[in-house]
Each structure stands twice: as structure tokens, then as C-alpha cells.
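The values are calculated or read from the model by the stated rules, or taken from the named source; none is laboratory data. It should be emphasised that the depicted structure is a prediction, and the values quoted were computed from it without experimental measurement. Using ideal geometry, Cβ is built from the backbone for each residue, glycine included, and neighbour counts are taken over all protein chains shown. Areas reflect the complete protein model, heavy atoms only, side chains present, ligands, DNA and RNA absent. Shrake-Rupley method; radii C 1.70, N 1.55, O 1.52, S 1.80 Å.
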Amino acid sequence: MINIVATKPFDDQKPGTSGLRKKVPVFQQPNYAENFIQSIFDSLEGFEGKDLVIGGDGRYFNREVIQIAVRMAAANGFGSVIIGQGGILSTPAASHIIRKYKAFGGIILSASHNPGGPKEDFGIKYNIGNGGPAPENVTDAIYARTKTIDSYRIADAPEIDIDTIGTHDIGAMKVRVIDSVADYAQMMETLFDFDAIRTLFKGGFRMAFDAMHAVTGPYAKEILENRLGAPEGTARNFVPLPDFGGHHPDPNLVYAKQLYDDLMGENAPDFGAASDGDGDRNLIIGRGIFVTPSDSLALLAANAHLAPAYKDGLKGIARSMPTSCAADRVAEKLGVGLYETPTGWKFFGNLLDAGLVTICGEESAGTGSDHIREKDGLWAVLLWLNILAVRKQSVAEIVTGHWSEYGRNYYARHDYEAVETDRANTLIKELRDKLPTLVGHGINGLTVVSADDFAYHDPVDGSVSEHQGVRILFEGGSRVVFRLSGTGTSGATLRVYIERYEAADGDHTMETQAALSGLIAAAEAVAGIRKHTGRDKPSVVT
Ligand code: G16
């Protein structure tokens, strides 16, 4: 039986950089999740009788919303839903399953790297049939619908057993509970030289992978330990927990500090990596050396041909605007296109579908390729392993060799979290107002060569996305970029991205914050961060 339940709009359901993210108690309000899911369905056309993939990162409230989404999918006329066992699907695995089974789309329940638990974060996002995050025209339509919705449809059905692989029926709709890991692991075997990586581990290569009590645990166990023969214990914190063990599942130097310390310590493993809540981000650390996500993108692009999937070379490279320009130099050398997009993986979808790019990456620890339409944490780790297995050099040798060839982009991001929204907006507004006056002038002794508010013109569908970050470029290729995060759930997060280029024959041995100190001072001078945020230092530096 189908129930049509009367409801009223909520005024805070605007999707951010990656879906709707709110605190769990917000999602627990009666009808809140239902309204958003119905608004998704109401914004789509032609899904009747088709398949919908549903999965999540296992965080608190995942199981409850899966049951709701399944019954709503049945009431709205989907032909079947495909669910990961236990409600678990990493974001990249969900993207793969949508593509592999030619589903109409998918609902991914995750707040990514944000903490989980009864008082922490939850999220819902919709991915389209190419496996990628819904583009802006779809998220805009969803948001518009959330403002007028007056009812939702939900089937009357008993709770589905999502922990056992098998099939069920809800009215005319089939429910298939599938293995969360198998399809994804099988795809990875087709992309990389597993024999070479196995030989690497057999030779005593030591690795530590921190799954941060989040979704990649079962994937890392299966792929690294079972299929590639890495010793047991290589995957750490591998049981996904609803509250991520009380930690922040964000693979950066602050939240993956133990891993970092181990890689910097005595008797360090050769290679360290971590992934986030939903498995799409990655952190790469070699013995004694942290690789910034921007450098990792450039290095992966420069060496991708060493892995079977990319042996014929790359079609092009894409990076988000705030990501460092290290990849640009690789694209130039390879003679392929370099595309600069706004922050948000959804902007890569058109470029990948049009065959313009093979590899994409973001400073926010995301890298991926045309194998799916999401960033992919374990993919990046496996590509690194494949490169290490073929080159037979250490991470440090590969990274410093890259700098000697291309130069080094010193890079850091300073985050000011939970700033009062009005104050953060004022800072950005004042900066925007100042932009026309900056060019040709000096800020702290650095000459501004261009200053603008980044607008993206999608070369595939011609759409325009404005106000994607204020960027100030200085002589010599240095720059500072300011933007407000679209993924936070309390107040505003100001992100300041700072980059300085040191040519191939320059000094690549400086400490990053010291190398950037002049630019950090210039960022303060031009934006008045202290005055506007009331903070005298960032909450997180990555
Ligand atoms: C999401 C998006 C990424 C984006 C990141 C940070 O990542 O998918 O494309 O770079 O947010 O966005 P912001 O700077 O707006 O917070 P994830 O891993 O949270 O899904």
C-alpha cells in the first residue's frame, strides 16, 4: 500500500558542495529526510521501472534513512533498488555500481569527512546515471522543489533485512542486497598491475593504511591484504563505526596524526595512506615526507602511464581552481589539455563524459579518473602502489625528482572554521569590492598581476557558475585564493589557499609555512582575516 503523507517545506534544504549536510537532530525532525528524498524524485524524469542504487558510509542514522529511502523508492515507482550489504557502499563503489548495473541513479548517505554520531553530521546526495554527483541544474531543481513540497509518497512495508545478501519484494519493486566490496575490488584489478604490487609486498615493502573507522575498512582489508598480500595489520581502524570511534574521519595531518607520526618516526613504514568517511578522499605520506594532494595529482598524472589502465596516456587533466598549479606543468609537458573548474567533483562530470580528461583532482584530498565519476581514495592509493612497484624508488625520491623536473608549488590551506556567517560574508564581499583596485599594486611588497572572482564556463554544456572564489595572482606565479566552504554544518568556514611557485632550479627544501610566510601576511593585509573572523590563527592548516 502506498501512503501519501502531507508535509510542509523546510527552508534549509539547499544542497551544498556535495549534497545536503546537516546535524543528525536536524535530519531526525519528522519528514525532514522524507521531504528531501521526495524532492529528489520530483526533480527527476523517466525513472519509472528503473534501478536506484542506495548506500552510505555507515554513519549514525544511515540504517534508518536507508529503510525510508527504499520504501519511498517503491512508492515512487522505481523498478528495483540495489543496496550494499549493511547499508554500506563507499562513494566510489556507489558510483561504480550505478555505472556497472546501468542504474538510473543513486542516493548516497554520507557527510563525507565530517564527524558522525547522534549529535554530529549526516548527509544525503543524489548521483545521476553516469555515476557522478548531480550537476547544478539538478541540485537547483531539487532545492526549488524543497521549497514548495506538500506531500511525499512512501510504501507501507516491513523493515528490509539489509544485512543479508539476497532479494526481497516491496509491492512491484525488487530490493537486491549485494556485497559492498566485490564489484569495486574486481574493477580495481582491471586498472592496476596487481602482480607487480604483490611482488612489491613480497619483497618486504611496508605500508600502513588508516581507514579511520570509516567505510574503506572492508575495501582495504579485501584489496590490500587479501588480494595483494600485504601483511595483516596493514589496514588499521578497519571496522566502520557509526561514530567513527569518536574521531573526525578527515584524512589530513590533523586528524590522521598518528599515521603521520608513524611515517615520520623511526622504523617508519615505506608508505602511509588514509581515506575519509565515505572513501572518496585520500592522504598520501611516504617515509619522512608528506605529499600534498595537489602534488599527488601532478605526480599521479605524470606517472599514470605506468599502470595498465593508463598505458596509452592521458586525454587531459582537470583540477579545481584552488588546487595548486603543479598539474598544469605536467599537462603542458604531456601536451594535453588542463581544465580549471570550481570546487566540487560534480564539475568534472561533463569533462569526463566528453572524453576531454582522464585524471582529475582537488586540493581537498580528492583524486580520481574516468573509471568512475567520483573521486576515489583507494584508487589513488593503488595507483601510487603501482607506480612505486614499477619505479622501485621511495616516495621521497619520486617526489623530489618531480620537483627537480617541474619545480615545486609550495602550498597550504588555512581553514577558519565555524566563523559567524555574516562576518564571513562581509569579508568576502569587501574583498570582491576591492578587486578592481588591486591589479598593478603591491601588497606587502608583492605585485598583483590579476585579481578576480572566479567564474566557470563549462566547455561542454556552456553553463556558467559564478562567484566560485576570489583569487589574487602575484608576479612569479604565487597566489592566494579565498572562498567559503560549501560542506560545513555550523556557521561558515573560510578557506584561504596559499601557493608559491619555486622553479625547477630553485630551493625545494624550505619548510612550507616558512616558504609561504610572505603570502600569508599578504592574505591578512588584503582581507583583514583577523578583524573579520576575530581569530588570530586558522583552526586547521593542511
Ligand atoms: C566535497 C566535494 C569536493 C570538495 C570538497 C570541499 O568533498 O565533493 O569536490 O572539494 O567537498 O568542499 P568545500 O571546500 O566547499 O568544503 P567531500 O569529500 O566532502 O564529498
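Listed by number, the DSSP H helices of the chain that run 20 Å or longer by alpha-carbon position along their axis and have mean Kyte hydropathy of at least 1.6 are 377-391. Across every pair of non-identical alpha carbons in region 408-448, the mean reciprocal distance, once inverted, gives a Kirkwood radius of 12.7 Å.
For region 329-364 and region 495-542, what is the separation of their Cα centres, given in Å? Their Cα centres are 25 Å away from one another.
Over 16 Å, how big is the tail of the calculated P(r) for region 253-303, in percent of all Cα pairs?
Numbers: 532 of 1275 pairs.
Here the tail beyond 16 Å accounts for 42 percent of pairs.
All alpha carbon pair distances within the chain were sorted into 10 Å bins beginning at 0; the resulting P(r) in whole percents reads 4, 19, 30, 27, 15, 5, 1, 0.
Can you give the local net charge around D536? Use residues other than it whose beta-carbon is closer than 12 angstrom to its beta-carbon, Lys and Arg +1, Asp and Glu -1. Charge balance in the 12 Å sphere: +3.
Where does the charge balance sit around E136 when Lys and Arg score +1, Asp and Glu -1, over other residues with C-beta under 14 Å from its C-beta? Walk me through the intermediate numbers first.
Numbers: positive: K14, K125, K346; negative: D140, D458, D461, E466.
Spelling it out: positives minus negatives among the neighbours equals -1.
A simple rule links phi to the HN-Hα coupling: the Karplus curve 6.51 cos²θ - 1.76 cosθ + 1.60 with θ = phi - 60°, which for region 222-238 gives 5, 7, 6, 8, 6, 8, 9, x, 5, x, 4, x, 4, 8, 10, 6, 8 Hz, with x for Gly and Pro.
Figure note: R63, R535 ranked by solvent-accessible area, largest first, 1.4 Å probe, ligands and nucleic acids not counted: R63, R535.
What is the local net charge at K429, summed over the other residues whose Cβ is closer than 12 Å to its Cβ (Lys, Arg +1; Asp, Glu -1)?
Working: positive: R423, R432, K434; negative: D422, E430, D433, D453.
Every neighbour counted, the sum reads -1.
The protection proxy used here, the mean number of other Cβ atoms lying within 10 Å of each residue, ranks peptides 124-136, 12-24 as follows, highest first: 124-136, 12-24.
Along each principal axis, taking the top coordinate minus the bottom one, the Cα set of region 17-132 gives 37, 27, 26 Å in descending order. Note on region 184-406: Rg/Rh from Cα positions, Kirkwood definition for Rh, rounded to two decimals, is 0.94. Of all DSSP bridge pairs formed entirely within the chain, close to 70 percent run antiparallel. Here region 31-79 has an Rg and Dmax of 11.0, 32 Å, counting Cα atoms alone.
Can you compute the FRET efficiency between A521 and V460 using 1/(1 + (r/R0)^6), with r the Cβ-Cβ distance and R0 = 35 Å? Round to the nearest 0.05.
Working: r = 40 Å, r/R0 = 1.14.
Step by step, r from the Cβ atoms, then E = 0.30.
Once you divide the Cα radius of gyration of region 239-323 by 2.2 N^0.38 Å, the number left is 1.27. Over all distinct Cα-Cα pairs of region 333-434, the Kirkwood formula returns a hydrodynamic radius of 17.0 Å. Taking the Kirkwood radius as Rh and the Cα radius of gyration as Rg, region 408-541 has a ratio of Rg/Rh equal to 0.98.
Listed highest first by mean packing, meaning other Cβ atoms within 10 Å per residue, what order do 408-415, 237-244 come in?
Details: 408-415: 22.6, 237-244: 20.6.
My ranking of the peptides, most packed first, is 408-415, 237-244.
Rounded to the nearest 5, what % of the DSSP beta bridges within region 2-180 are antiparallel ones? For region 2-180, the DSSP antiparallel bridge percentage is about 55.
Between region 434-463 and region 262-297, what's the alpha-carbon centroid distance in Å? Taking the Cα centre of each part, region 434-463 and region 262-297 sit 33 Å apart.
Taking loop as defined by DSSP and a crowding limit of 13 other beta carbons within 10 Å, which trypsin sites (Lys or Arg not before Pro) in region 343-401 fit? Don't skip to the answer; put the middle values down first.
Details: sites: K346, R373, K375, R391, K392; in loops: R373, K375, K392.
Passing sites in region 343-401 are K392.
A convex hull fitted to the Cα coordinates of region 186-274 yields 96 cubic angstrom per residue.
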